[in-house]
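Everything on this sheet refers to the single structure shown next.
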Amino acid sequence: MEGSVEMFGDINLTLGMLNKEDVISKEDVYSHLTSVIQNTDILDDAIVQRLIYYTSKDMRDENIPQELRMLAGEVFVSLAAHDFNSVMYEVQSHFRILELPNEFVVLALAELATSYVSQSIPFMMMTLLTMQTMLRLAEDDKMRQTFCIALEKFSKAIYKYVNHWRDFPYPKLDANRLSDKIFMLFRYIMEKWAPTAPPKNNVSKEQQRVNSDVRWLPLHTLALVKAHGPTVSLLLHREDFCEFSLNQVPWLLSQYGNKEIDFHITQSVKQILTAAVLYDVDLPRALKKSIFINLLHQICRGPESPLESEIEVTSCFLILAHSNPAELVEFFDEQIRSNNEVVRMKILTLLRSAVNAEEPKLRNHIISIEKIVKAVMSDLNPKVRIVTLLLIQTMCEKSYIEAREGWPLIDYVFTQFAASSRKLEKPVKTNSPEDEMGEKSVQDTSLEVLKTLDPLVIGMPQVLWPRILVFVIPEEYTGTLDYLLNIIRILIMAEERKKNNVTESTALVVSPGAVKLPSPQQLLARLLVISILASLGKLCGASAIGLLKILPEMIHPKLVDLWKTRIPELLQSMEGKSASLVLWETMLLQLLKESLWKISDVVWTIQLSREFNQQMNSYSNASIEKKFLWKALGTTLSSCQDLDFVSSQLKEYLIAPSQLGDQRQGTASILGCCAENHLDTVLKVLKAFQDEEKFFMNRCKSIFSGKKSLTKTDVIVIYGAVALHAPKRQLLTRLHQDIMTQILCLYGQCSQVLGMSVMNKDMDLQMSFTRSITEIGIAVQDAEDQSFQFSYKEMLISQMLDFIRDEPLDSLASPVRWKALIAIRYLSKLKPQLPLNEHLNILEENIRRLLPLPPLEKLMSQGETNNDKEHIRFLHERSMDALSRLLRTMMWDDSNAENCQEMFNLLRMWLVSPKEWERERAFQITAKILTSDIEAPKNFKIGSLLGLLAPHCCDTLPAIRRAAASSTIALFCMKGIHLELERLQNLQEGIECDDVQVQIKISSKIAKIVCKFIPTDEIQMFLEETLDGLESLNPMCMKACGIWMIAALKEHGASLEHQLLEILSTVYHHMPVLRQKEESFQFMLEAISQIASFHMNPVVVSLLQKPLPFDRDTKILWKALAENPASSGKLIRVLIDKLETRLEDDIAGIEAISVACAMYEVVSIGVPVTTLYPELFTLLLKLVSCTLGQKMPTSALSNRRRVMQQGERQQDPDPCRLSTATLKCLQAQAMREGLAKESDEGENLWALLSNPDTHHIGVCALARSMAVWQHSIILDIMELLLPSLTSSSETYRITGTAFFSELMKEPVLWKHGNLRDVLILMDQSAWDSNATLRQMAIRGLGNTASGAPHKVKKHKQIVLESVIRGLYHLARTDVVCESLKALKKILELLTDRDVSFYFKEIVLQTRTFFEDEQDDVRLTAIVLFENLASLTGRQWKSFFAEEIKKSMISFLLHLWDPNPKIGIACRDVLIICFPFLGLQELYGVLDHLLDQDLPRARDFYRQFCMKLAKKNQEILWILHTHSFTFFTSSWEMIRSAAVKLTDSIVVNLTSQYMELLDREQLTTRLQALLLDPCISVQRAAEAALQTLLRRCKETSILL
């Protein structure tokens, strides 16, 4: 509903636009309205009325364009579908009596009459009456045209009503009244308006044609012509109007001649003729003839005649054929006798259309139609002949052939084919291309007629049989045999089906009349020869043999049973395919033999041979029919028992061979086939012929008589053919004496010049000799007599090789190579057997003469014509095929597998040739040698061949890839190995793709399928070949080599244990070369990895045997093994086991070092080590320890000269350095995996570790770098390293002790690990004689204080004794220092009571190291002394105070120690010790030391001594007494400080102590320091002397 409302709104909007004066917009509006009205079922009445108003107004408005008025009129008429009465009312309101209307009003009425006939008829009378009053008012042409259009439309509407009034919805009206009005209108128009035709009698046709094109034509004439047909058709239903109506037709016909109206005239004529048939009106004879002539003239005007006009004219003639067939045929017969080709063609075409329409009345005039056809049979015009043939074709299809008179029509078809064929075969020079095309069309049309001819159409069998047989034999009808034989077969088979029903018989046995039918021998000879074409898939060949099947009675009654059995067998062999020519020929000849034997009639056989001879010229010399005919003739003679006749015939062919066409081939075929049963006769005839030809006069007779006689070369060929067909047992007894001797004699004579033998270059002679020898070889082989020894074998093979050697290596123009190879192949099979070397020489010679030829394209370029090029291509293919067959024969006939391998090896160099065309030839030959139907000799090895061939599945040329894939698959089939052939064949098809990625993918798939079937014992040979391929082949083949090698190793890797060493040795051998080819090298590395994945231990052993240091190849191999994710873990495991075994006695030999070097290469590529890290670490640390200080054994070093990289220095192999490098690499990987951290020593760690003097320091640093948070890993390392503490190797004990000494300070390890035993072992080692071991043990004891304080407290006595013991190791200050550090850590955990027993010893020992030269010892001792202060109990307080007094001089002087840390330590210890001496007042002086800028030593000492002097002169004096020893200190700063302190002491001594002062000694020492190398010491000494002098003066003491 919503859609309707929207539509009505749209129309209203459109109607509003009609009020405007815009013409362009109105055009769009009317176009839119037309679509809306046609697609709308219901329109609102108001809208319809408004549309009627606007459209009527615009339609009548003469001020707007004609096109717009027409659009308005179309819309106006279309509105009648919604409201007809309103539309009619509107138009009638403007159509008034005696008033000339608007032309569009009339047109609207006319359109309403045709579009709405049913509604218009009731208004028709009123309309016609009104229109009658208007005609006389129409004076202009346009208005008259409009009324004529209206008359046409009104007539059509009334005509429809008259003939279909029953279909109208209202009662019948009086149609006569309507037709009366039409009559009146038509009569007025014809009388007043119809133009008179110009007279034609006195004007030429050409002038008429010109006038018709240029004469002026009134506008209303065309409308009148169009109205003429409907109006006359309507009036013909009234008898009273018939005469008038028909009298108007001549006027209509007279209007012909103007192209604009001719078509419409013909349409009107057709309408009139149709109405005449409908109302059974007989047209006057004169009128009919006029119609015939005018209509025929319309389609005979020439090529400019429009197609639509021809169709209309044809329709008119068909109507006439229906209504007046006799007059029409009579007219055609009259006109056909004209010599005008166009008239003839058109009449024949019209006749064909009439026959095709199957008018029943026309069938009564068949004889007349045949008469018409016969009238034009003598016409030589190709176009007429073609149309005639097409008419005959249609007549045959529609059974318009009369039994008695129809044969000439059939004969005409064959005659026309033969005539055209003759003209095309022997064209006349004056013939134009159009003539040749015409003859070709006649020929094609003839064949098409025969192709579509149905011989079983009623009456046709009587026409055809048996006269159709006359066309079988003549040569000129050979081209029709495809269809001719089929027609005959259909006729005979139809008769056979109806033999049992006489009433249905086709009555084939009809007298042939004057026709001479062929004889049985003629039919057999012809059909048998044509049957050979069945092997080529030709229809006539199959038809011929099929015809023989159903014609045995016509040939000979005795053949019925034989052919009933044998011919179906022949036909069955051809079902669905074409038989091979040789096989089919053999079967046909066998049928002929059996048939002649069955007939057993010498006269019949002789006649057959004569028929074969007669038909010799029916075939071209090069045709297979001719070649077969020779053999059939020879076979017939062979079956003939009249030897005299046979001898005479053979002699005739030898003396006059030219009658055979190709004299050599024909004579050889006939005599050869005849020899099958008459060998003696044939040899006698040949011998006699040779003897006669020896006489010079006989040869001269032949020359002067013009007859071409046989040459000696021809006779050589004939002997070969005779040998080939001769009975085998008879042949062997006569071969050497009667055949070979003759052949060699003839060849020798042909090779002589003036009686002297020369090297003959006559190619024809060579070819003939080769052919003859080949046929002899085949014949001897077929005899299958193993005892027969062919004594000429070696000599003939040598001769064939000479032929081949003489051929040039840069061209291929002769077939000598090809034929000689075939001869050698057959000779090689004969006895006696040649030795292997001879076979190899023969094959190698032939290969060298063929494979190096230039590429085929270059060879073909030597040809001048396309035929030459194709001939070269043919020779190339045949030569290569012959070589393939020779190789195949020689190779597989030898049962010795090694011999076969030797022969195949001759192709190796060609299979990998850098020249594509040589490889292509070699592979194509190989593919033919290695076929699936071959069974290889026992023990034949395919591994090497597979490795050689398979990679070429990715070669550059598709032919090579295809042949390589085929050969690869065939290798396994030869061995009886069943592959997935269907899948492999599908892959083979895809390998021809040019996309290299696709090739690689397919090759990989083939490899995966095939490699699993390679015999295990041949894998090594296969791998050797693929490795060779990786070295030498092109990039794609090299890649394929790698793919196949890896695929084979994946399949067979597990079973290679016994071949492993040889395989690895082979791989290592190829490494230096393969390293130069990156991709090849990668494949080789992958192969090693693949082997290792199955046999890791043997691979590792083989690599470890490489000399040290490893060369680049060995390193790459280790890395390649490590890079394989599937085997890297296994590799490391094996290496760990090897290293563990070699370090069992804590001694590292060269084997252990090799393992370490291998581990370095493995770990360096980033192999994850998390799981094996503890073992790796401990073993490598042990190896480092065991190799400390070792030198590499000379025997282990590589003797190979090593190429140094730029900037690299030659280094002697150091076992420890190599081991350290591996450990370093391991730690780097461990840090990446979070198993360790960066060492505090940085890169220096590894230098420390590998140096025997600093090894323990490096181990400690290494231990500190361990990631202690990795509890499980550290604990595993500790467990594995624990035996080192008790190792028999002192170095290893040091390593273990050093490592554990650092771990002892980690509480977490004490918590999770068992370090109690380690502590005990540490304690024991602290007493060891080795100072380094003692040092590390003491460090471990000291670190225990950090890691396990409770253990220290628990075992304080043992620990303290061990550590204190170290303080007495004065020879090694590092031990002392370690002891001091350990004591410091331990004492921090203990109380004064815990230390009481050892306190005095510790203090005394500690004081001894205050002046040690090593900073670390001094510092540690001072700090320890500071710590001891806190442990001083009551018992030791006074003791400690006294020790402080003794030590204070050291503390004060070392405030300015070269090591700032010691200065700070001294300050701290003074602060701690002052309370013991009651000197707390001196803290203020020490505070100055805390300032950023330290005070000068002199100032500090003076201030300090000044306050000390006030507090305690005794201590000041003690300082003075102890200061002398520091005057000789090795540190200038200490010497300077000592002097400055002495200076300050002297200043602050009381008089009492000044008197006690040893002034002389002091002066002497100070004076000595004046010579000190240090200036500051000199100045200090000088100042001190002055101070001393001054103080002495002050106290009146003499110096």
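Just so it is clear, none of the values below were taken in a lab; they were calculated from the coordinates. None of the values given here were measured: they were computed from a predicted structure. Positions of Cβ are generated from backbone atoms using ideal geometry, with glycine treated the same way; all protein chains shown enter the neighbour counts.
Structure notes:
- Only Cα pairs under 8 Å and 6+ residues apart enter the sum, and on that basis the relative contact order of the chain stands at 2 percent.
- With both labels modelled 7 Å from their Cα along Cα-to-Cβ, the SER1346 to GLU1233 distance reads 2.7 nm.
- Globularity index of the stretch 756-880, i.e. its alpha-carbon radius of gyration over 2.2 N^0.38 Å: 1.14
- With Cα atoms, 0 to 90° folded angle of helix 1559-1569 axis to the chain main axis: 30
- The share of C-alpha pairs in the stretch 281-384 whose separation exceeds 21 Å stands at 31 percent.
- Full-stretch length increase - VAL470, GLU594 - with 0.36 nm per residue and alpha-carbon distance subtracted: 41.9 nm
- Computed label-point distance, nm, for sites LYS687 and GLU1532 using a 7 Å Cα→Cβ extension: 13.8
- Axis angle, to the nearest 10 degrees, between helix 219-235 and the longest C-alpha principal axis of the chain: 70 degrees.
- Tilt relative to the chain, helix 1290-1303 - C-alpha long axis, 0 to 90 degrees, to 10: 80
- What the Cβ-Cβ distance of ASP1499 and GLN1414 gives, at R0 = 35 Å and to the nearest 0.05, is a FRET efficiency of 0.70.
- Here the relative contact order of the stretch 939-1071, from alpha carbon pairs under 8 Å that lie six or more residues apart, stands at 32 percent.
- Hydrodynamic radius by Kirkwood, which averages 1/r over all alpha carbon pairs of the stretch 841-925, in angstrom: 13.8
- Gain in span if fully extended, GLU405 to THR1521, counting 0.36 nm per residue against the direct Cα distance: 384.5 nm
- Here LYS270 is the anchor, and the lysines within straight C-alpha reach of less than 19 Å, apart from those fewer than 8 places off in the same chain, are LYS153, LYS156, LYS160, LYS226, LYS259, LYS288, LYS289, LYS346.
- Remark on the stretch 1485-1567: Rg and Dmax equal 13.0, 40 Å (Cα only).
- Magnitude of the charge dipole, the chain, Cβ model with Lys/Arg +1 and Asp/Glu -1, debye to 20: 2160
- For the stretch 386-479, the convex hull drawn through the C-alpha positions has a volume of 87 cubic angstrom per residue.
- Proximal lysines relative to LYS558, as straight alpha-carbon distance under 20 Å, when same-chain residues fewer than 8 apart are discounted: LYS549, LYS593, LYS598
- Among PHE104, PRO122, SER93 - extreme Cα towards positive end, dipole of the stretch 59-175, charges at beta-carbon: PRO122
- Over 20 Å (Cα to Cα) - which of LYS423/LYS451; LYS631/LYS819; LYS1384/LYS1461; LYS651/LYS687; LYS728/LYS829 fall in this group: LYS423/LYS451; LYS631/LYS819
- Extension gain for ALA1583-LYS289 works out to 448.7 nm (0.36 nm per residue, less the C-alpha to C-alpha distance).
- Backbone phi angles across the stretch 869-884, fed through the Karplus curve with coefficients 6.51, -1.76 and 1.60 (θ = phi - 60°), yield HN-Hα couplings of 5, 5, 5, 5, 4, 4, 4, 4, 4, 5, 5, 5, 5, 5, 5, 4 Hz in residue order; Gly and Pro are listed as x.
- Its residue count N fixes a reference of 2.2 N^0.38 Å for the stretch 236-279, and the Cα radius of gyration divided by that reference is 1.22.
- Karplus-derived 3J(HN,Hα) values for the stretch 552-565, using 6.51 cos²θ - 1.76 cosθ + 1.60 with θ = phi - 60°, are x, 5, 6, 7, 6, x, 6, 8, 4, 5, 4, 5, 4, 9 Hz; glycine and proline are entered as x.
- Partner lysines whose Cα lies under 25 Å from the Cα of LYS1510, excluding those fewer than 8 positions away in the same chain, are identified as LYS1437, LYS1445, LYS1446, LYS1540, LYS1593.
- Rounded to the nearest angstrom and listed largest first, the equivalent-ellipsoid semi-axes of the chain from its Cα gyration tensor are 125, 67, 27.
- Estimated purely from DSSP H runs of n ≥ 4, each contributing -39500 (n - 2.57), the mean residue ellipticity at 222 nm for the chain is -22000 deg cm²/dmol once divided by its residues.
- Descending by average beta-carbon neighbour count within 10 Å, the peptides 276-284, 1122-1130, 1149-1157, 406-414 line up as 1149-1157, 406-414, 1122-1130, 276-284, the highest first.
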